[in-house]
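In what follows, a single structure is set out as structure tokens and then discussed.
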Amino acid sequence: MPKLVLTYFDFDAGRGEPARLAFYIGGVSFEDRRISPKDWAQHRDQMPLQAMPVLEVDGMPVTQSNAIVRYAGKLAGLYPQDALQALLCDELLDASEDLGSRIGATIQMSDEAQKKNARLALAEGAIPRHLRYFAQRLEAAGGNWFSDQRLTVADIKIFGLVNWLRSGALDHIPKDLVDRVAPTLVQHAERVRREPKIAAYYQARKKPA
């Protein structure tokens, strides 16, 4: 097994969290290097693309959150071997990342009116559109898991997105939007949260998932 060092912000959410969870669930040894958001400026130029997460594999830095989570999923046994099931898993990873990036772009907006208008537009358009599509995919896959009829990194990725949207941390995006638009995704998130190793992970962190 290679020596793995995952560098990401010191909070239990965001783009680096799915890989952390995958490694933990699969019992894959890695160094969980966490950077405080307030210290990010002094670390930015040390990152290959001035962004995180970054995974070092035997000292070689690798960027891109979905590339990292796919690799973590393969090492942890949480990524499908069947080509079609892998395709379905990848679709959810990338669609979720696309939506997360659209929301994330509003965080950098300093003009509050601009931010409000952008988020209201997302709450009326892209977010419910993505959520309904995710719910359709979940139903088509049997209703429990998105791919391979078992927990995969796609489930972990959507779990994080749903938690973020329901957290109330995003002003002007109703925290009950997921509940109203795609209640089966809320049920799915609770199913993921109850997975024994995920529950144990967050209990050890002493923070809610």
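Summary table below
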quantity	calculated
Hey, Val69 on the phi < 0 side of the Ramachandran plot, in contact (Cβ under 8 Å) with a residue 40 or more places away in the chain, more than 19 Å from the chain's Cα centre (by Cα) and in the same structural domain as Phe9 (by TED's automatic domain parsing) or not	no
Matching residues in region 92-105 - criterion: being more than 26 Å from Glu56 (Cβ to Cβ) and either in contact with a Ser or Thr (Cβ under 6 Å, 6 or more places away or on another chain) or touching a residue at least 60 places away in the same chain (Cβ under 8 Å) (or both)	Leu92, Leu99, Ile103
Residue identified as in contact with a strand residue (DSSP E or B) (Cβ under 7 Å, 6 or more places away or on another chain), surrounded by 15 or more Cβ atoms within 10 Å (Cβ to Cβ) and not acidic (Asp, Glu) among Ala189, Ala141	Ala141
Matching option when the condition is part of a strand (DSSP E or B), more than 15 Å from the chain's Cα centre (by Cα) and in contact (Cβ under 8 Å) with a residue 12 or more places away in the chain, among Leu49, Leu75, Leu122, Leu55	Leu55
Any hit, region 159-181, residues being assigned to a helix (DSSP H, G or I), outside the structural domain of Tyr24 (by TED's automatic domain parsing) and either under 19 Å from Gly77 (Cβ atoms) or at pLDDT below 95 (or both)	yes
Qualifying residue in region 116-132 (condition: touching a Ser or Thr at 6+ places or on another chain (Cβ under 6 Å) and among the charged types (D, E, K, R))	yes
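The values are calculated or read from the model by the stated rules, or taken from the named source; none is laboratory data. A quick note: this is a predicted structure, and the numbers were derived from the prediction, not measured. Using ideal geometry, Cβ is built from the backbone for each residue, glycine included, and neighbour counts are taken over all protein chains shown.
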